[in-house]
Amino acid sequence: MPTSAPSPPRPAPAQEPPPLVPLARVPVHVAIIMDGNGRWARQRGLPRLAGHRAGTENLRRVIRRFGDYGVKFLTLYAFSTENWLRPKREVEGLLRLLRQVIRRELQHLHENGIRLLHIGRLEGLPPRLQQQVREAMDLTKDNERMTLTIAFNYGGRAEIVDAVRRIVAAGIPPEQVDEQVVAAHLYTAGLPDPDLIIRTGGEMRLSNFLLWQGAYAEFYSTPVYWPDFDEDDIDQALLAYSRRKRRFGRLPEDESDYPQPCGDGHR
Ligand code: FPP
């Protein structure tokens with residue numbers, strides 16, 4: 001856990017973001033566990049919901065920065081299937097914030113070529129909110145600059161359960177079920193797997209986020225609380241990613257005993 005000393009207030013966001021740093025490699029898909037809103041609020045003697053509100057105010061800057069780097073898919077974990085267990089007041093506040101964010105940001109997202117998607121159990125949300133989410137996805141469905149996916153009422157295990165149910169309901173025989181079939185029945189069907197999963201707030205857990213899709217994602221944790229996660233922190237995360245050697249279960253080329261590729265894979 002980060003220290004409890006309040007971080008000094010960060011300067012107000014500049015009009016012009018700092019210049020991008022040169023990167024050897026940019027991830028196609030970044031997914032973020034936005035943690036630390038509660039602690040951010042507590043440090044300031046504010047109610048937890050004030051932290052969540054500050055978290056929503058950080059969305060624009062983060063989306064813009066990743067977009068400027070050319071990240072094509074950004075997925076944000078906003079509410080888990082387990083978050084219903086939080087106090088009623090906080091749950092209601094988070095539902096209200098999602099409504100407000102869509103109302104406030106939709107036009108801006110649309111004008112900037114961003115396609116909005118939702119993953120999770122939409123049917124578990126209040127009907128008016130479901131409708132609002134569907135309309136937002138419909139409005140932005142042809143946008144191509146970036147796909148912004150909001151995981152709300154999302155759980156990785158629930159997603160796999162739902163995929164199994166769909167596969168069974170579709171009558172697919174067991175011998176035809178392979179990884180492609182499973183992936184095609186997840187909420188994320190059609191999206192590439194995340195290359196980089198970032199967690200703010202200092203913890204080192206996946207917390208039921210993209211369990212299937214994150215199999216080979218690079219994980220990056222920063223102690224910075226979500227409302228403070230700014231351009232500089234994004235640059236650091238992307239720099240760390242660009243230095244990682246991704247192996248996908250293979251040996252790095254310079255450590256292999258065999259000439260690559262090694263034929264039928266049984267040598
Ligand atoms: C975790 O912080 C954060 C959440 C449960 C909610 C994340 C929500 C937002 C950033 C705002 C809503 C965003 C959208 C898109 C509607 P925490 O409360 O667990 O923080 P703590 O670990 O410091 O207590």
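Here are a few things to note about the model shown:
Condition check ((1) modelled with pLDDT of 95 or more; (2) in a loop (DSSP other than H, G, I, E, B); (3) not aliphatic (A, V, I, L, M)) across all residues:
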position	(1), (2), (3)
Gln180	yes, no, yes
Ile198	yes, no, no
Leu206	yes, yes, no
Leu210	yes, yes, no
Pro227	yes, no, yes
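- The set of residues in segment 136-160 being part of a strand (DSSP E or B), within 20 Å of Arg65 (Cβ to Cβ) and not hydroxyl-bearing (Ser, Thr, Tyr) consists of Met146, Leu148, Ile150, Ala151.
- Residue check for Arg246: farther than 23 Å from Arg64 by Cβ, more than 16 Å from the ligand (Cβ to nearest atom) and either touching a His at 6+ places or on another chain (Cβ under 6 Å) or not in a helix (DSSP H, G or I) (or both): yes
- Residues that are without any contact (Cβ under 8 Å) to a residue 60 or more places away in the chain and either of a type outside the set (D, E, K, R) or not in a helix (DSSP H, G or I) (or both) within segment 120-133 comprise Arg121, Leu122, Gly124, Leu125, Pro126, Pro127, Leu129, Gln130, Gln131, Gln132, Val133, listed in sequence order.
- When Arg165, Arg157, Arg145 are checked against the criterion of being of a type in the set (Lys, Arg) and under 26 Å from Gln100 (Cβ atoms), Arg145 stands alone in meeting it.
- Residue satisfying condition, being closer than 13 Å to Ile119 by Cβ and more than 16 Å from the ligand (Cβ to nearest atom), within set Gln213, Gln180: Gln213
- Residue list for segment 219-232, restricted to those being surrounded by fewer than 18 Cβ atoms within 10 Å (Cβ to Cβ) and over 13 Å from Met34 (Cα atoms): Phe219, Asp232
The values are calculated or read from the model by the stated rules, or taken from the named source; none is laboratory data. Just so we're clear, the structure is a prediction, and the values are computed from it rather than from any experiment. Here the Cβ is made from the backbone with ideal geometry for all residues, glycine too, and neighbour counts use every protein chain on show.
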